Each structure stands twice: as structure tokens, then as C-alpha cells.
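Quick note: the coordinates plus some simple rules give every number you see, no bench work behind them. Not measured: the values here are computed from a predicted model. Using ideal geometry, Cβ is built from the backbone for each residue, glycine included, and neighbour counts are taken over all protein chains shown.
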Amino acid sequence: DVKRVALAANGTVGFLVGIVRSAARIDSFDNVEAMLAQRGDRMAESITAFVRWAFAQLRDDLNAQKTLLFLNDVTPCHIVDIEKAVTPSVSIIRVLSRLLNLGLVERETDDIYRLTPLLASRLNRQLIRPELVQWAAGAQKAFAASPFEMTTVSDEGNHEYIRLEARVNAALLSGVDSLPNSLGAFVSAAHWFQAGIRLYHARKWQRAYRLLKKAHDSRAEFRDASKVEIDRYFCLTATRMRKYSEAEACITRLEADHRSKPIAAFLAADLHEYQRNFPEAIKAYERAISLNRDKNRRLEYIYRPLVRCILASWKPDFEKAERYAKIYVGLKR
């Protein structure tokens, strides 16, 4: 049994510790067999199986579900702030202890908790329900607006900084129009940028556009590599908000520098695709492939929309689509 658990962990120490910690504390092993049976040859599949099993243990625990959803956006977080945001019906220590035992939450110090890396990009797919999403938005806004007296914070470690960061993140992600006065002095362009990226990936285009525009307006303060990233995300968001002239300005600026030409080609293709100009999008994606030839991770993100554009065009070239699809599958493997 130990050998099978180790195999399921696929050599990932944190994952192995999470499995063993969970197995050592549960009363019923009925579902463990099914979890181990699902282990594949790839780490991601094994971790997903473990996360599904762990979430199944929380099916009727609304306090734990809310805590995970809040920590998904505001992490790390002080235990006092978690309790203030979640307002659980039982002791927050009891809630966090259960999540610790399942390996879903980690404790940095006695007071600071964060979501475990095991849950990266998995929480929303497994836990999201409309009523919880609605609760999370309200909880973030209320938490950000809650009074925060610096003098009441422990001087140990950097808890004061973490508690301020938690409120800033909650405020920006909740989409408030103006930040509470107590937070305004601590917010920087970097905060706008990071929160904008999070909102973009959550497909909350309007909020993302508003924050990324602020970061973009302050792009001169950043170094060259960061300027490229700001242009990239602002362009993607502007495209989805149909602010096409702003997107084109980003593409032109990136195209002017040989170091960012590969990114400019992809963004141009994305813009054509969003405008449903599929022939031009196909050409631009193919150019992006030639410019990113040695960057496999980027190529993964290019082949998939390229195949999509070919199939959406007026006269699809199915042979070309199949050829590109096979290359994409090879890259994913």
C-alpha cells in the first residue's frame, strides 16, 4: 500500500506528504481505493484525482468551502482576517485544522495560512457554484472595507504587511470603484497589474481592463521585461473589451522591438480572431509559430487557436488542421 501511494505521488514530495497526512487522519478508507485507482502516469492526473477526493470530504462543510474560496484569491492571510471574512458557524481553528489535515491549506506561521500549491488552477473547476461565487464577491468587498488599525497588529514577523496586502488584493479583485482611505497609500501600479492579470484569467474582462489600464498608464515606471508583459495583458483585455485601437497601439509598440516581435505576432492573431477575420488570423498565427519556434510552451498556446481558426473559416483546410492538431498533441505530451 505504501508503494502504491508513492507511485500515485509521482515523485512529488509535497503531494506525497499531502496524501499521507490525509490518510493518517481519516476515519473511512472507502474512497481511498478509488482515488489510488485513478492514478495515471502523469503527475497532474494524480494530483487532480487527489484533489477531487479531498473535495468530496468537504461536500457538506460550507465553512471549509468558503474558506478555500476566499483563500483562493486572498492568500496568504492572517487567521483573524480569515475569520472576519468567512464568519464561520464554528471555530475557524477547527475549519483550518480540517483543511490542514486534508493537505488543502498550509500554515506558514502560527497565524498565517495559504492555499497549498496542490490546488493551483484546480479550485475553481472543482468547487465553483453560483451561490459561492456570489458569496465570495460580497465577502471580498466587505473584508476590504473592514476597519484595520495598524496598532492592533502583532509586531512579530511581517504580519502587518501581509494583512495590508490581503485587504488590497480583496479590494482590487472585488471590483470596487474606489479603495478605502486606509489602503490607498499602499496601492501601487504593481498591485493593479497583478490583480488585472488575475481578473483577466478569471474572464472578468471589464474589471481586468480597468486595472490593467491603470498599470499601462504607469508602464514607464517598469523595466523593459515588465513593460512587455503589461502591453501583452492590456492588449488581450482591450481586445475583449473591443477597444481595438488601444490593442493595435500595443501591438505596434511590441512589433517595433525585435525582442517582443514573437509576442506581437500572437497578439495580432488574437485580435484578428476576436474580430472573426479568420484568414488574417491564420496567417498571423503561422507567423507567430515561426517566430516562437524554439519556445514550446508558447507554441502550445498558438497551435490550439490556429486550429480553431482553420475550422471556423469559410472553407476549412482539414488536412492542415489535422497536421497542426497532431503537432499540438505532441507538444502537450
Item to check | Candidate lysines - alpha carbon under 27 Å from Lys326, same-chain residues fewer than 8 apart omitted | outcome: Lys261, Lys283, Lys295, Lys315
Checklist entry - What nm distance separates the two modelled labels at Asp110 and Leu16, each placed 7 Å from Cα along Cα→Cβ? => result 3.2
Next on the checklist: Going Cα to Cα from Lys141, which lysines come in below 27 Å? Please leave out same-chain ones fewer than 8 positions away.
Outcome noted: Lys66, Lys84, Lys204, Lys213, Lys214
Checklist outcome for this item: Log entry: pair-distance distribution for segment 253-330, C-alpha pairs binned every 10 Å from zero, whole % per bin is 21, 53, 24, 3
Item to check | Cβ-based net charge around Ala284, under 10 Å, with every Lys or Arg adding one and every Asp or Glu removing one | outcome: -2
Checklist outcome for this item: Simple spin-label estimate for Tyr301/Arg223, 7 Å along Cα→Cβ, in nm, reads 2.0
Next on the checklist: Taking 8 Å as the Cα distance limit and 6 or more residues as the minimum spacing, I'd like the relative contact order of segment 50-106 as a percentage.
Outcome noted: 36
Item to check | Sorted largest first, extent of segment 180-333 alpha carbons per principal axis (Å) | outcome: 59, 31, 28
Checklist entry - To the nearest Å, what is the center-to-center distance of segment 284-333 and segment 44-93, using C-alpha atoms only? => result 38
Item to check | Spin-label pair Glu286/Arg59, simplified geometry with 7 Å Cα→Cβ offset, distance in nm | outcome: 5.1
